[in-house]
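Reading through the structure tokens given below for one structure.
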Amino acid sequence: MTPRLFLILSIVEAASIGGVFLLYPQITRHGLLFGVYVGEEAASGAEARRITRSWYRGMIAWIAASVIVGAVLGAAIPHPAVAVAPALFLVPGFFILYLRAYGQARRIAHPGAPPGVAVVTETSAPSSVFPPIALAVALACGLFAIAYSWSAYDLLPERVPTHFGISGAPDAFRPKSFFTVMLSPLLALIVGVGIGGVAWLTAHAKRSFRYPASLTSVTAQIRFRLAVTRLLCWVSLIVSLFLTVMSVSMIRVGLGREQTLSPAVWVLAPVLLLGTLGGVVYIAVRYGQGGARLEDAASGGRLTDGLADNRHWVLGMFYVNREDPSILVEHRFGLGYTLNLGNWKAVALVGGFVLALLILALAALVTM
Amino acid sequence: MGTLLYTYQYTEAEMRPIPSVVVDRSSPEPVYVQIARSIRARICSGEIASGTPLAPVRTVASDLGVNLNTVARAYRLLEDEGFVQIRSRSGVEVAPPAGKSDREAVERLQEDLAAVLARMRQAGVAPAELRRRAEKEIGAIERLE
């Protein structure tokens, strides 16, 4: 990789990731300020504007620093792994600036407990059919990849390809073992089903309305939730297909039936990357966090319960409410949903998923 | 910047108020009583018509951030009072007024009515004002028939 290519990569990477971070205040629901519920009036006040301006200044400086770090490191160490340097530099800066803004917003936090509001009649919430389909496809793809790899296990040579170059030809081989052969199909099953499961949970995530409640707030919530659900289903589908094609292709190369990975791998990878990024940007611009951009057009009510109750949020990022049966709740600052850490089911589900990935990674390291 | 990027135009139907329950956690009144009272008031005012399906227990509990049992208890209370019917498969729906009155239940409610009127009188409401208020409520019920 040339230094110029590194510079371009650093700018694109830092600008796209940093740009999303930078614009978070633009998509946040009205009344929230950097993870703190300050009330609708204070959110438009002079102090809130000062905190937000300070955030913009800090983030722009940090994004610029990330680009420079990426370019300098790229020129000094010409290795593809250095391409992630701008992102690694950007993320801690984001959290430092966020925590500073959070601390400032705490000073103007809205006191007391907000009312809880629920819509008691059945709204015409479209019950998304996509999550069960995404889960079924992920399960089918994962099981197919496992069955195919397992059936070919005895036919594979003593050394199997474990890494492939940009041309799709293998450039690293390892002795055949259970994990060198089965790692990829197991990953296809766990990741595909995991993302499909998150999509299903998102379809049932907690809603936070404005009071007095009107359909504007409810519709905004439902549309946003549906959009995120569909995006996750799409990601689950493409990830499952990508990892399944990859697994089957690796086995076929190992068996000597193909010389390089299937061309479908090179098609699915950019489709996954660009589609996911495009989907995130589309949801942010069209809906805003929690449908904030749809709400702002018409609703003047106050945020209620979950999102507005500062007592249930740790650092404005972690929702902990033992009474609340919800598993997923909206992020206060950012895009999408986060876990209710007060719900043991939420903790068990994510813990199980992370544990499965960890076991897989550790077993692969030990046996490979 | 918000309006520059995208502005959603709502239809009139989307702007109308929607029946909702409001819970005040700082109130000494138990949450399930507040939920039941809120739904009862909306049924009595005609805001929620008979036959309307109510949101499932899980949805209401998630919206409010309260325990599932709290909402289930509120629904059971409303069922005991005859305001809703709980069906295991089709969920909960608002019940129509009973076609034939249950003599024992009516006698019990008559006592409750007497107690409420007495409490209002004790609270300083004059008998003429009591009559006016009672007639207003009866008028509201007649309009729903």
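The values are calculated or read from the model by the stated rules, or taken from the named source; none is laboratory data. In this text, all values refer to a predicted model and were calculated from it rather than measured experimentally. Quick reminder, even Gly has a Cβ in these numbers, built from the backbone with ideal geometry, and neighbours come from all protein chains shown. Heads up: the accessible areas ignore ligands, DNA and RNA and are worked out on the full protein's heavy atoms, side chains in. Shrake-Rupley method; radii C 1.70, N 1.55, O 1.52, S 1.80 Å.
Each stretch of four or more DSSP H residues adds -39500 (n - 2.57); spread over every residue of the protein assembly as shown, this sum gives -20000 deg cm²/dmol at 222 nm. Please report how far the C-alpha centroid of region B:23-102 lies from that of region A:240-272, rounded to the nearest whole angstrom. Using only Cα atoms to place each centre, the spacing works out to 55 Å. Peptide B:21-31 has a mean of 4 when you count, residue by residue, the C-beta atoms of other protein chains within 10 Å of its C-beta.
Between chain A and chain B, roughly 3300 Å² of accessible surface gets buried, counting both sides and using a 1.4 Å probe. You can think of it this way: the chain between A:A64 and A:T276 has 73.9 nm of extra reach, that is 0.36 nm per residue less the Cα-Cα gap.
For A:V347 and A:E47, the FRET efficiency from 1/(1 + (r/R0)^6), where r spans their Cβ atoms and R0 equals 45 Å, is about 0.80. For the listed peptides B:65-74, A:156-165, a ranking on the average number of other beta carbons within 10 Å per residue, highest first, reads B:65-74, A:156-165.
Between A:D171 and A:L99, the distance separating the two model label sites (each 7 Å from Cα on the Cα→Cβ line) works out to 3.8 nm.
If you sort A:L365, A:L9 by accessible surface, 1.4 Å probe, largest first, the order is A:L365, A:L9. Give the residues of region A:78-99 whose amide nitrogen is closer than 18 Å to a point set 7 Å from the Cα of A:V72 in the direction of its Cβ. Within reach of a label on A:V72: A:78-79, A:82-94.
Listed by chain and number, the lysines placed with their C-alpha closer than 17 angstrom to that of B:K100 amount to none; residues fewer than eight positions away on the same chain are left out. Magnitude of the charge dipole for region A:118-273, about its Cα centre and with charges confined to Cβ atoms of Lys, Arg (+1) and Asp, Glu (-1), is about 460 debye. Based on Cα contacts under 8 Å between residues 6+ apart, chain B shows a relative contact order of 19 percent.
Spatial offset of region A:118-194 relative to region B:120-138 amounts to 71 Å, using the alpha carbon center of each. Taking amide hydrogens as placed 1.01 Å from N in the peptide plane, the amide H of A:L261 sits under 5 Å from those of A:A169, each at least 5 positions away in sequence or on another chain.
Placing pseudo-labels 7 Å out from each Cα toward the beta carbon at A:L362 and B:V33 gives an inter-label distance of 5.2 nm. Here region B:21-145 exposes an accessible surface that is 52 percent carbon and sulfur, computed with a 1.4 Å probe and the other protein chains kept in place. Modelled spin labels at A:V91 and A:E258, positioned 7 Å past Cα toward Cβ, are 3.1 nm from each other.
Basic side chains Lys and Arg get +1 at the Cβ, acidic Asp and Glu get -1 at the Cβ, and with that the dipole of region A:244-351 about its Cα centre reaches some 280 debye. Of the whole protein surface, A:H331 contributes about 50 Å² of accessible area at a 1.4 Å probe radius. Projecting the Cα atoms of B:P28, B:V116, B:L77 onto the dipole axis of region B:27-145, where Lys and Arg carry +1 and Asp and Glu carry -1 at the beta carbon, places B:P28 farthest toward the positive end. Placing a label point 7 Å from the Cα of A:R57 along the Cα-to-Cβ direction, the residues of region A:69-107 with a backbone N closer than 18 Å are A:94, A:96-105. As an exercise, use a Förster radius of 51 Å and the Cβ-Cβ distance of A:Q26 and B:A123 to find the FRET efficiency, rounded to the nearest 0.05. The pair A:Q26/B:A123 has a calculated efficiency of 0.45. How high is the relative contact order of chain A, in percent, counting Cα pairs under 8 Å that sit 6 or more residues apart? Rounded, it is 22 percent for chain A. Using only side-chain charges placed at the Cβ, +1 for Lys and Arg and -1 for Asp and Glu, the dipole size of the protein assembly as shown relative to its Cα centre rounds to 840 debye. Under a 5 Å amide H cut-off, with hydrogens placed 1.01 Å from N, A:Y337 pairs with A:H331 among residues at least 5 apart or on other chains. Candidates A:W62, A:L349, A:V281 compared by Cα position along the dipole of chain A: farthest toward the positive end lies A:W62, with charges placed on Cβ. Residues in region B:45-133 average 68 Å² of solvent-accessible surface per residue, probe 1.4 Å, ligands and nucleic acids excluded. Each peptide in A:141-152, B:19-30 gets a packing score, the mean of other Cβ atoms within 10 Å over its residues, and the list from highest to lowest is A:141-152, B:19-30. Of the residues A:P170, A:V181, A:V198, the one whose Cα sits farthest towards the positive end of the charge dipole of region A:62-210 is A:V198 (charges of +1 on Lys and Arg Cβ, -1 on Asp and Glu Cβ, taken about the Cα centre). With a 10 Å cut-off around each Cβ of A:324-336, the average count of Cβ atoms from other chains is 2.
At the residue level, A:R174 shows approximately 110 square angstrom of accessible surface with a 1.4 angstrom probe and all protein chains present.
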